[in-house]
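Notes follow once the structure below has been shown.
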Amino acid sequence: MFAETEKFIKETSFQMKENDRKIAESRAETDRIMAESKVETDRIVAESKVETDRIMAESRAETERIMAESKAEMEKTLKETSLAVKELSRNIGGISNSNGEMAEEYFYNSFKADTTFANEKFDRVEKNAKATRDGIEAEFDIILVNGKSAAVIEVKYSAKPDNIQIDNLIERVDIFKKLYPEHKNHNIYLGVAAMSFKSGLETKLHKAGIATIKQIGKKMVVFDKNVKTF
């Protein structure tokens, strides 16, 4: 019986050792497979990263190229637009200047043909009269002068509140007297001549004692009923 038991123990011990050996081999195989799997995974990840970096680099380069082309095109468009705006402004300015010169020429010739203003006859008509004295410089579109009175006429192609300010017109009387001291004791009249007036502006000028002059048909008409001396 003891011999049988000892035999069983030996066989069991052998089987346990065999099992341990198989487990160790299985673990070693598992570790080998995992190691190989990790190496392959790392290789795939590395290759994927390289490919991703390449794609991103190409995408970045393409994006930068598109942005550069877009910026260049935008700058070209802005430059062309700026040039077009400058040209338009120049043309508008030229038209405005031309219209202003035409209005000045029309009213100057009309006053030369008939020098009556504020129920007075004037001896002299001047256009674009410039004067400088004691550091003061000014230009008056049209002035009418006789022995006792002078009329200062502001000329606009189109008179409106943003280019005709009543206070400024009245302030120019003192400037006129300083630049033309020979007229400082004259009666000074003010007038605004224009081809057209913004609605309501003529009424305001008349209330301030400033005459208005405009073209009606082919004739210059002077509205000086309420004109006063300054």
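The values are calculated or read from the model by the stated rules, or taken from the named source; none is laboratory data. Quick caveat: nothing in here was measured; it's all calculated off a predicted structure. No Cβ is skipped: glycine too gets one built from the backbone with ideal geometry, and neighbour counts run over all protein chains shown.
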- Message: Please pick out the residue among 162, 174 that is free of Cβ contacts under 8 Å to residues at least 40 places away in the same chain and part of a loop (DSSP other than H, G, I, E, B).
- Response: 162
- Tally, over segment 143-157, of residues that are of a type in the set (S, T, N, Q) and over 13 Å from residue 111 (Cβ atoms): 1
- Task: Kindly establish whether residue 222 is over 22 Å from residue 100 (Cα atoms), touching a residue at least 60 places away in the same chain (Cβ under 8 Å) and of a type in the set (A, V, I, L, M).
- Result: no
- Query: Among the residues of segment 205-226, how many are of a type in the set (D, E, K, R) and loosely packed, with under 15 Cβ neighbours inside 10 Å?
  - Reply: 4
- Taking segment 13-57, which residues are at pLDDT 75 or above and of a type in the set (Ser, Thr, Tyr)? 26, 30, 37, 41, 48, 52
- Residue list for segment 161-184, filter: touching a helix residue (DSSP H, G or I) at 6+ places or on another chain (Cβ under 9 Å) and surrounded by 14 or more Cβ atoms within 10 Å (Cβ to Cβ): 164, 166, 169, 176, 177, 183
